[in-house]
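S.K.: First, the structure itself, so that you have it in front of you.
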Amino acid sequence: MVLRNRKKAVAKPSPAEAEKSQEQPRESTFGEAAAAYAFRRFGWASRFLSSKMPELPTQIMKSGMNYSTEAYLSLVVMVTVFTLPVVGVGLALAVLFRLPLLATIAIAPVLAFGLGLSYPSMIASGRSAALDDELPFVVGYITVLASGGVSPIMTLKRLSNVTLYPKSALEARRILMDIEIFANDPITALEKAARYNPNRVFADFFGGYTSVLKTGGDTVDYMQSKVKDVFAYRAIKVKSAADTIGTFAESYISVAVILGIGLFVLFAVQTILGSASGAGSGGGGVQRIILLTTVFNPAVSAVFIYISHSVQPKEPFNYYRPYFIFLASVPIIPIAVILPLHGVSLVYKLAAGLTLATLPGAIVSIRENRARGSLERMIPSFIRDIAEVRKTGLAPEKCIEQVATRNYGGLSRVVSGMASELSWGIPLRQIVQGIMKKTRSWMTQATMFLLSEVVDVGGGTPEMLGTLADFVERTAQIDKEKKSQLRPYVFIPYFGAIMIVVTTVLMVYFLTSPVITGQGYNPFSSGINAASITSPMLAGAVFTSWVMGFVAGKMGEGSIAAGFKHASLLAAVSGIVVFIATVFFKIPGV
């Protein structure tokens, strides 16, 4: 219902003012409407289930979902009930058409109910992982503000507006909502945040922070000690992630290479022998090879890419330009394949198309990685130099101008620009905002932002700048260790791709060669159209090698964009290997 203020009506406001004075009720979202409907219909069941699940309310609170326990359980029950008619139809069709596999649909209600109960835990786990990625910088940011004398409430307000840390900013807004809307005191709000935060380190940080505030201890000393703990935790996590990825890399070789080669050989032999015997299974074998190379192998690679992504430390920053360029270049692949080039095999056309399709994205990715690396390598030296010059008594802005004459590699252009703009009287915060918009490095953005906060909040004292320098150096060291531990896993997909191509070439040669050394003629080589069989087989091996390049980039460098250069290189190398093989062996269809 729309409510009108009668006192304002007496004043005869204008139509525009009258329209503004109307209070429009907030429209409920689909989730809220569904929860309300479910609770009306199945509230009795949710009340019974909630009494049997004492841990579920805590999981819902940790997930951050805005549902009460009864409302959420009502939704789960409603979804489970809605699956029953589908199960009934599926079972009827299974009995009518004698399809035993279709009868497995009977477990749908159990799956729906089980997934519904475990969904809050999955959301809480994702929330915890997202906070893990931002944790070192957020703790460093809070420590820097605390060392400048900023109160906890002001720290939360500033953190809630920091776009560099989106998940932590959301947590800060939740705490502020408890304080400003629900009228909780700051200590109680922080204790609640610590109790219901799924990230153990984050919860421990706020829990210890509230204890120090209660006892009147030294918050700055506590936070500096927690920064060391956070970096130790980060180092352990990086090492654990590297070990886990190593295990997955070995599993990937087992599944994608060994099993892939086994199936590939099986289907290829079936195709060739079927064609030679006239049994007519040659076409079916080729179809199986195509399905293996275009569906099974990419699906396995996608699974391992997802697993690697879930365990790798990540930055809350995404750069999509290489992906857009790759998508724009994908049409090159079908164009290269259907291009009517007389005398050029499908294998070479596919290898060229795959190489050219990924090459533009690879070039952009390489250039951006080099530019980002040149910035991140010199950031610790830049901050440390400012901290040392600040000890002489110069203002922070003058310190930046003083160190601008030094060589910082790729960072020198940024530092020189900062010094020039500072000499013109432009505020440091405004300069840093411009740098953050132009820079593709998240570490550089976060460091420059912290530098501006140090100057803006505490005047850039030598102690604060020293703390910032220590923080940045430790962060850079952890990042360097992460890259060095992951780099060896780049070569594992390379070995797998080379094995697949070489094995396929040798298998095709020995199965289609009309003469076997010392044994006379090959009885299976007669009567087969070898070109129609060997060409799809070798093209499938090239395509599989190309797909493995993306896995190499994700496992070894942490991003699929980094895999563009590996995919492009493997496609080209695969085509070259096939060409070299044709020099020494006679392979039909190539």
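The values are calculated or read from the model by the stated rules, or taken from the named source; none is laboratory data. Just so it is clear, the model here is predicted, and its values are computed rather than measured. Glycine gets a Cβ as well: all are built from the backbone with ideal geometry, and neighbour counts include every protein chain shown.
S.K.: Considering only residues that are surrounded by fewer than 17 Cβ atoms within 10 Å (Cβ to Cβ) and not hydroxyl-bearing (Ser, Thr, Tyr), look in the stretch 411-420 and name the one that is farthest from residue 370 (Cα to Cα).
M.R.: Here the answer is 417.
S.K.: Return a yes/no flag: does the stretch 531-539 have any residue that is modelled with pLDDT of 75 or more and either within 25 Å of residue 247 (Cα to Cα) or outside the structural domain of residue 578 (by TED's automatic domain parsing) (or both). Outline the logic, then answer.
M.R.: Quick first cut of the stretch 531-539, residues modelled with pLDDT of 75 or more only: 534-539.
The next check asks that each one be either within 25 Å of residue 247 (Cα to Cα) or outside the structural domain of residue 578 (by TED's automatic domain parsing) (or both); those that pass are none.
No; the residues of the stretch 531-539 include none that is modelled with pLDDT of 75 or more and either within 25 Å of residue 247 (Cα to Cα) or outside the structural domain of residue 578 (by TED's automatic domain parsing) (or both).
S.K.: Any residue at all in the stretch 420-441 that's farther than 15 Å from residue 164 by Cβ and hydroxyl-bearing (Ser, Thr, Tyr)?
M.R.: yes
S.K.: Being of a type outside the set (A, V, I, L, M) and farther than 18 Å from residue 361 by Cβ narrows it down to one residue among 563, 556, 540; which is it?
M.R.: Values: 563 fails: farther than 18 Å from residue 361 by Cβ; 556 fails: farther than 18 Å from residue 361 by Cβ.
None of the other options fit; the residue is 540.
S.K.: Would you tally the residues in the stretch 334-355 being crowded, with 18+ Cβ neighbours inside 10 Å and either of a type in the set (Val, Ile, Thr) or within 16 Å of residue 557 (Cα to Cα) (or both)?
M.R.: Total satisfying the criteria: 2.
S.K.: Could you please give the count of residues in the stretch 394-425 that are assigned to a loop (DSSP other than H, G, I, E, B) and either at positive phi or touching a strand residue (DSSP E or B) at 6+ places or on another chain (Cβ under 6 Å) (or both)?
M.R.: Restricting attention to the stretch 394-425, the residues satisfying the condition of being assigned to a loop (DSSP other than H, G, I, E, B) are 394-395, 404-408, 424-425.
Filter once more, keeping what is either at positive phi or touching a strand residue (DSSP E or B) at 6+ places or on another chain (Cβ under 6 Å) (or both): 425.
Summing the residues that are assigned to a loop (DSSP other than H, G, I, E, B) and either at positive phi or touching a strand residue (DSSP E or B) at 6+ places or on another chain (Cβ under 6 Å) (or both) in the stretch 394-425 gives 1.
S.K.: Something else about it: Considering each of 95, 138, 162 in turn, give the residue that is farther than 30 Å from residue 67 by Cβ and modelled with pLDDT under 90.
M.R.: Every option except 95 fails the conditions.
S.K.: I'd like the full set of residues that are modelled with pLDDT under 90 and crowded, with 17+ Cβ neighbours inside 10 Å, limited to the stretch 66-76. Break it down into steps so the answer makes sense when it comes.
M.R.: At the first step, the residues of the stretch 66-76 found to be modelled with pLDDT under 90 are 66-68.
Passing the criteria: only 67.
Conditions tested, residue by residue: (1) within 22 Å of residue 479 (Cα to Cα); (2) crowded, with 19+ Cβ neighbours inside 10 Å.
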site: 357; (1), (2): no, yes
site: 360; (1), (2): no, no
site: 370; (1), (2): yes, no
site: 375; (1), (2): yes, yes
site: 378; (1), (2): yes, yes
site: 383; (1), (2): yes, yes
site: 391; (1), (2): no, no
site: 399; (1), (2): no, yes
site: 402; (1), (2): no, no
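S.K.: Here's something else I'd like to know. Quick check: anything in the stretch 340-350 closer than 29 Å to residue 578 by Cβ, under 32 Å from the mean Cα position of the chain (by Cα) and in the same structural domain as residue 260 (by TED's automatic domain parsing)? First the steps, then the outcome.
M.R.: Looking only at the stretch 340-350, we keep the residues that are closer than 29 Å to residue 578 by Cβ, and these are 340-350.
So of that shortlist, the ones also under 32 Å from the mean Cα position of the chain (by Cα) come out as 350.
Then drop every residue that is not in the same structural domain as residue 260 (by TED's automatic domain parsing), which leaves 350.
Yes, because at least one residue in the stretch 340-350 is closer than 29 Å to residue 578 by Cβ, under 32 Å from the mean Cα position of the chain (by Cα) and in the same structural domain as residue 260 (by TED's automatic domain parsing).
S.K.: So, one more: Need a quick list: helices (runs of 4 or more DSSP H) entirely within the stretch 426-517 having at least 3 residues that are farther than 30 Å from residue 573 by Cα.
M.R.: Values: elements: 428-438, 442-458, 462-486, 491-512.
Counting at least 3 such residues, we get 428-438, 442-458, 462-486.
S.K.: Taking helices (runs of 4 or more DSSP H) that fall entirely within the stretch 263-362, which contain at least 3 residues that are among the β-branched types (Val, Ile, Thr) and modelled with pLDDT of 80 or more? Break it down stepwise before answering.
M.R.: On the way: elements: 282-291, 297-311, 321-329, 332-338.
Because the criterion is at least 3 residues that are among the β-branched types (Val, Ile, Thr) and modelled with pLDDT of 80 or more, the helices (runs of 4 or more DSSP H) in the stretch 263-362 that meet it are 297-311, 332-338.
S.K.: Using the structure shown, decide if residue 158 is over 15 Å from residue 133 (Cα atoms), of a type in the set (Lys, Arg) and in contact with a Ser or Thr (Cβ under 6 Å, 6 or more places away or on another chain). Break it down into steps so the answer makes sense when it comes.
M.R.: Numbers: over 15 Å from residue 133 (Cα atoms): yes; of a type in the set (Lys, Arg): yes; in contact with a Ser or Thr (Cβ under 6 Å, 6 or more places away or on another chain): no.
No.
S.K.: Right, next: With the structure loaded, tell me whether residue 182 is not assigned by TED's automatic domain parsing to the domain that holds residue 55 and not in a helix (DSSP H, G or I) or whether it fails that test. Show your work before the answer.
M.R.: Values: not assigned by TED's automatic domain parsing to the domain that holds residue 55: yes; not in a helix (DSSP H, G or I): yes.
It is true that residue 182 is not assigned by TED's automatic domain parsing to the domain that holds residue 55 and not in a helix (DSSP H, G or I).
S.K.: Let me ask something else. If residue 122 satisfies every condition in (1) closer than 30 Å to residue 479 by Cα; (2) surrounded by fewer than 14 Cβ atoms within 10 Å (Cβ to Cβ); (3) touching a Gly at 6+ places or on another chain (Cβ under 9 Å); (4) not hydroxyl-bearing (Ser, Thr, Tyr) but one, which is the exception?
M.R.: Of everything listed in (1) closer than 30 Å to residue 479 by Cα; (2) surrounded by fewer than 14 Cβ atoms within 10 Å (Cβ to Cβ); (3) touching a Gly at 6+ places or on another chain (Cβ under 9 Å); (4) not hydroxyl-bearing (Ser, Thr, Tyr), residue 122 misses just condition (3).
S.K.: Next question. Given the options 209, 233, name the one that is closer than 22 Å to residue 556 by Cα and either free of Cβ contacts under 8 Å to residues at least 24 places away in the same chain or part of a helix (DSSP H, G or I) (or both).
M.R.: On the way: 209 fails: closer than 22 Å to residue 556 by Cα.
Within the list 209, 233, the selection yields 233.
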